Amino acid sequence: MRNFGLILDIATTHLTSKIKQTIIAALGVMFGIGTYIIMMGFMTGLNQLLDGLILNRTPHIQIYNKTDPTQIQPIQRHQDFKFNWHHIHSIKPKSRLARIHDALPLLKDLKENKKVKGATPQTTCKVFYIAGANNLNGIINGIEVSEEMRLFNFKDYIVKGDPNSLRKRKNSILLGAGIAKKLSLSVGDKLQVLGTNGVSHPLNIGGIFQSGLAEIDDAQSYVNLKMAQQLLGVGSNYITRIHVKLHNIEHALGLSKTIENIFEVKALDINTANAQFDTGSYIRTLISYTVSITLLIVAGFGIYNILNMLIYEKMDDIAILKATGFSGNDILLIFIIQALIIGLFGGIFGLILGYSISIVIDNIPFITEALPTIKTYPINYDPFFYITGISFALICTFLAGFLPALKARKIDPVEIIRGK
Amino acid sequence: MSTVLKTININKYFYDPEKFHVLKNISIELKNGEFVSIMGKSGCGKSTLLYILSTMDTQYEGTLILDHENMSLLNNTNLAKIRNEKIGFIFQFHYLLPEFTVLKNVMLPALKLGRQSEEIIKKSAFEKLEMLGVASQANKKAYKISGGQKQRVSIARALINNPKIIMADEPTGNLDSKNADNVFNILRALSLEQKMSLLVVTHDLDFAKKTDRIIKMGDGIIL
């Protein structure tokens, strides 16, 4: 545009001559955008932390044996009673082994699947922990520790000792922190584990495990898969659970259904298992957006107000400009540019404010028993928020400036000049 | 001598508070280089006529021809261009942009026209200010200079695009007699030396008597 430089010059002269009002309007935008950045960074940081807590640890698909009663009972198959009313009460599931039938072929099949990042077998057994005169009941999971570390960040939850001790020594155990506290045991100590078949095994504590969830830490421990099978007195094909991690979490539901159709097992996908968790994240995000948008709307009204005042004060200027050959659209442009300049500066300073406060929050210590890997408050620095922030600022100020600018375009210079 | 401005049967009504026939069949003509004044009592419609002639008021019936072009057919954007290029304005109340420097005020219409580079416009704006004796104020903000100086600056602004015609609404109405004489002499000189066409609305008889021709108005008609 040929006149753009001139229009810009007039717009900025107006703004700088009313520098206090301009700054106040820009401050409104700045606080709106700053708060948006802080809210989004903090809220989504928290969401990611909590998601990570669940998602990193939780398998995308858990496979275990079915324990629900048979869907079609024998009497329903019988042709003679097809049209009769069946009176059979207290139907119970039939007795089943805890192990997954054909676990090894299933495991091999999963590992060859391209959607699968990895699959780990687990064998769970119920035990008594015995140290001195005390005993506690609990659960021991036999795991392949290197795969667990690769797929489920298992290492993050070992607060003392070394997870690799499970590979180095067969009778090593990673003891739950709650159990360790109750039995006053530490890394390097010995304890006896009594299996359900009455055989006791001496184990060495190779590390302390803390998930942050008390009910797990008070009962669960981890040993090598082979050790767990030995505790139960079963062979190496005795596997009670398979945990699957996928490359893309979106495939969890589909693949779990496929597995259930092919094998005689129950496959639980993460979305079904953690449905309430998604709702929590969703609501937190919704709250952040609502608060930020409200702040921006307030800032928008501030701009609207200040531009309206500016136009009222600049009636004479508008009349002269129109009388000396500036068209209505030139005037419209002057005021829209003013709104956008306020939006741009307010927005940029808002981003700086938001970023600075985010850094401060990011460095505030946040130490909690429940989250052993977290040292400071979580902040998400996703550039997406900064891009939306500045876009929000420009769109809001544009809208706030547009109505007063339309009014300025319509001002009839004759009325102003006559009116004196 | 050719005609610079001509109206044919211009009629104008006010509708607020009630319908009022303010201009009745106004047909006037202004030759190139003429210095004409329009006189009449307050409320006779002389200012209203001037705003129509200036193309700022488009709510009228009839034909307005400026520099051989029919203004009645143009839209607002084109009329703005015409005002920028062909008409210079002087108002009773000076009307400078207070936050801009005097020099910038004079330059603005030429910058809008965009025919010359900013350097050349600056130079010619300075020349106009010099001609009107206010060059020393060039870099002051417009709100800092006196009323008489403001009026001279607004004359310089009216001249910057070398318009076909200068229109003035009570240009001396708000000035003391010394400054008023001064402004008249400047206008007179423009007419004589630069063959500028001038149309001035005034109710100052002394002023009007010194112009080439007086158009007298009363109650919406030419007397």
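Just so you know, all these numbers are worked out from the coordinates, no wet-lab data involved. These numbers come from a predicted model, not from an experiment. Note that each Cβ is placed from the backbone with ideal geometry, even for glycine, and that neighbours are counted across all protein chains shown.
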Which angle between 0 and 90 degrees, to the nearest 10, do you get for helix A:252-262 versus the longest principal axis of chain A when only C-alpha atoms count? 30 degrees
For B:Ile90, other-chain or 5+-apart residues with amide H closer than 5 Å (H placed, Pro excluded) are B:Met167, B:Ala168, B:Asp169
Among A:Val29, B:Val200, what is the fewest-to-most ranking by other Cβ atoms within 10 Å? B:Val200, A:Val29
Once Lys and Arg get +1 and Asp and Glu get -1 on their Cβ, which of A:Gly212, B:Tyr51, A:Ser327 lies farthest toward the positive end of the dipole of the protein assembly as shown? A:Gly212
Based on the Cβ-Cβ distance of A:Asn56 and B:Asp16, what FRET efficiency does E = 1/(1 + (r/R0)^6) give at R0 = 60 Å, to the nearest 0.05? 0.25
In region A:317-420, the chymotrypsin sites (Phe, Trp or Tyr not before Pro) that sit in a DSSP loop and have at most 16 other Cβ atoms within 10 Å of their own Cβ are A:Phe366, A:Tyr381
When N is the residue count of chain A, what does its C-alpha Rg come to as a fraction of 2.2 N^0.38 Å? 1.54
Can you find, among A:Gly346, A:Phe277, A:Thr290, the residue sitting farthest towards the positive end of the charge dipole of region A:241-373, where Lys and Arg contribute +1 and Asp and Glu -1 at Cβ? A:Phe277
Any chance you could run the full-extension gain for A:Thr272 through A:Asp382? It's 0.36 nm times the residue separation minus the Cα-Cα distance, nm to one decimal. 36.8 nm
Apply the Debye scattering formula to region B:13-117, with a single equal point scatterer on each alpha-carbon and no solvent, then give log10 I(q)/I(0) at q = 0.19 Å⁻¹. -1.19
Expressed as a rounded percentage, what relative contact order does region A:203-357 have, with Cα pairs under 8 Å and six or more residues apart? 8 percent
Using alpha carbons only, how many angstrom separate the centre of region A:179-236 from the centre of region A:306-322? 80 Å
Per DSSP, loop GluC sites (Glu not before Pro) in region A:259-314 with at most 16 further Cβ within 10 Å: A:Glu264
How do A:172-182, B:213-223 rank on mean C-beta neighbours within 10 Å, highest first? A:172-182, B:213-223
In region A:178-194, whose amide N lies under 11 Å from the spot 7 Å out along Cα-to-Cβ of A:Asn204? List them in ranges. A:188-190
Give me a comma-separated list of calculated 3J(HN,Hα) values for region A:295-300, in order, Karplus coefficients 6.51, -1.76, 1.60 applied at θ = phi - 60°, integers in Hz, x for any Gly or Pro. 4, 5, 5, 4, 4, x
Shielding by partners for B:153-159, please: the mean number of other protein chain Cβ atoms within 10 Å of each residue's Cβ. 1
Whole percent per 10 Å bin, from 0 to the bin with the longest distance: what is P(r) over all C-alpha pairs of chain B? 8, 33, 36, 19, 3, 0
Which whole-Hz couplings ³J(HN,Hα) result when phi for each residue of region A:154-162 is put into the Karplus expression 6.51 cos²θ - 1.76 cosθ + 1.60, θ = phi - 60°, listed in order with x for Gly and Pro? 4, 4, 4, 9, 8, 7, 9, x, 10
Enumerate the amide H contacts of A:Lys117 below 5 Å, restricted to partners 5 or more residues apart or on another chain; note that Pro and chain-start residues carry no placed amide H. A:Lys245, A:Leu246, A:His247
Using a basic spin-label model with each label point 7 Å from the Cα along Cα→Cβ, how many nm lie between A:Phe81 and A:Ile262? 3.6 nm
Among region B:58-89, those whose backbone N falls under 13 Å of a label point 7 Å along Cα→Cβ from B:Asn32 are B:67-68
Along Cα→Cβ, 7 Å out, is where each label goes; now give me the distance between the ones at B:Thr63 and A:Glu215 in nm to one decimal. 9.5 nm
Using Cα atoms only, what is the angle between the long axis of helix A:383-410 and the major principal axis of chain A, expressed in degrees (0 to 90) to the nearest 10? 30 degrees
Protection proxy ranking of B:133-145, A:276-288, B:31-43 - average other beta-carbon atoms within 10 Å, highest first: B:31-43, B:133-145, A:276-288
Averaged across B:76-86, how many Cβ atoms of other chains sit within 10 Å of each residue's Cβ atom? 4
Quick one: which residues, 5 or more positions from B:Met196 or on another chain, have an amide H under 5 Å from its amide H? H modelled 1.01 Å from N in the peptide plane, none for Pro or chain starts. B:Ser191
Roughly how big is region A:96-169's charge dipole about its Cα centre, with Cβ charges of +1 (Lys, Arg) and -1 (Asp, Glu), in debye to the nearest 20? 60 debye
Measure up A:Lys322/B:Lys112; A:Lys155/A:Lys266; A:Lys111/A:Lys257; B:Lys128/B:Lys150; B:Lys31/B:Lys216 against 21 Å on the Cα-Cα distance and list the ones that go over. A:Lys155/A:Lys266
Residues in region A:380-420 reached by a label modelled at A:Ile24 [backbone nitrogen below 13 Å; 7 Å Cα→Cβ]: none
Length gain on complete extension for the stretch A:Phe398 to A:Lys115, per 0.36 nm per residue less the alpha carbon to alpha carbon distance? 97.2 nm
Which whole number gives the average count of other chain Cβ atoms within 10 Å of the Cβ atoms across peptide A:411-418? 5
Can you tell me how region A:75-206 classifies by the Cα gyration tensor, rounded, prolate or oblate, using a/c under 1.5 as the rounded cut? oblate
Cα-projected label distance for A:Phe4 with A:Arg418, points at 7 Å along beta-carbon direction, nm: 3.8 nm
Quote the relative contact order of chain B in percent (integer), defining contacts as alpha-carbon pairs under 8 Å separated by 6+ residues. 31 percent
